[in-house]
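Take a look at the structure set out below.
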Amino acid sequence: VLNKMISDFNLTSGKPNVQFFEGLEGVEKVLADSLTATETIDAYSDIESIEKYIPEINKSYVEKRKKFNIKKRGLILDTPKARELLKDYHPEITENKFIKCSLIPSQNQTILQIYDNKISYITLGENNRYIGVIIESPSIYSLQKYLYQCLWENADKSDKMIG
């Protein structure tokens with residue numbers, strides 16, 4: 001409770017609220033926070049890592065998003081495997097587009113979500129390197145929202161197939 005009070009005070013004084021989490025429990029806490037979203041969640045996701053490291057957590061999370069009717073727009077690195085994994089991926093609550101980029105990081109393993117003046121990061125990977133961070137800041141949020149929208153407008157719809 002004290003941490004929440006300090007965070008709320010920091011926000012009113014113009015400082016960002018930053019929360020840090022570790023382990024699979026931390027991943028679940030960060031995802032649970034996004035279930036309070038009052039707007040569509042915008043996300044950059046490494047769907048291949050999600051399927052590899054947290055498939056059950058993601059399945060539960062998607063079911064909760066369905067229950068609360070929380071919409072999400074996803075920007076995904078354009079790979080054949082990502083397109084296969086996202087074929088018919090809950091279109092009633094999720095819209096995905098693909099980013100084509102000449103430099104695709106080999107070890108991305110990160111999720112970034114933008115919602116309600118917050119940015120959340122989740123890192124996944126070998127050796128239980130699960131870390132979650134939630135940053136609540138109107139100015140950081142507005143910059144990330146703007147950059148996301150610019151990419152969204154130029155990304156490929158998920159129903160297009162790789163040529």
Next item on the list: Identify all residues within segment 117-147 that are within 16 Å of Ala37 (Cα to Cα) and out of contact with any strand residue (DSSP E or B) (no Cβ under 8 Å at 6 or more places or on another chain); write none if there are none.
Entry: Pro138, Ser142
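Does Glu95 meet the test of being open to solvent by 50 Å² or more (accessible area, probe 1.4 Å) and either in contact with a Gly (Cβ under 9 Å, 6 or more places away or on another chain) or at pLDDT 85 or above (or both)?
yes
Looking at Gln113, is it of a type in the set (S, T, N, Q) and over 17 Å from Leu151 (Cβ atoms)?
Answer is no for this residue.
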Item checked: Matching residues in segment 25-60 - criterion: being among the β-branched types (Val, Ile, Thr) and open to solvent by less than 60 Å² (accessible area, probe 1.4 Å) -> Val27, Val30, Thr40, Ile41, Ile47, Ile50, Ile54, Ile57
Margin query: Can you report the number of residues in segment 56-85 which are out of contact with any Lys or Arg (no Cβ under 8 Å at 6 or more places or on another chain), within 25 Å of Leu147 (Cα to Cα) and among the small types (Gly, Ala, Ser)?
Written below: 1
Notebook entry, point to check: Do we have Pro80 as closer than 25 Å to Arg129 by Cβ and either in contact (Cβ under 8 Å) with a residue 40 or more places away in the chain or out of contact with any Ser or Thr (no Cβ under 9 Å at 6 or more places or on another chain) (or both) here?
Noted result: no
Check: If you check Arg73 against the conditions, is it open to solvent by less than 30 Å² (accessible area, probe 1.4 Å) and basic (Lys, Arg)?
Finding: no
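The values are calculated or read from the model by the stated rules, or taken from the named source; none is laboratory data. Keep in mind that what you see is a predicted model, and the values were worked out from it rather than measured. Note: ideal-geometry Cβ built from the backbone for every residue, glycine included; neighbour counts use all protein chains shown. Just the protein is used for accessible areas: all its heavy atoms, side chains included, with ligands, DNA and RNA removed. Shrake-Rupley method; radii C 1.70, N 1.55, O 1.52, S 1.80 Å.
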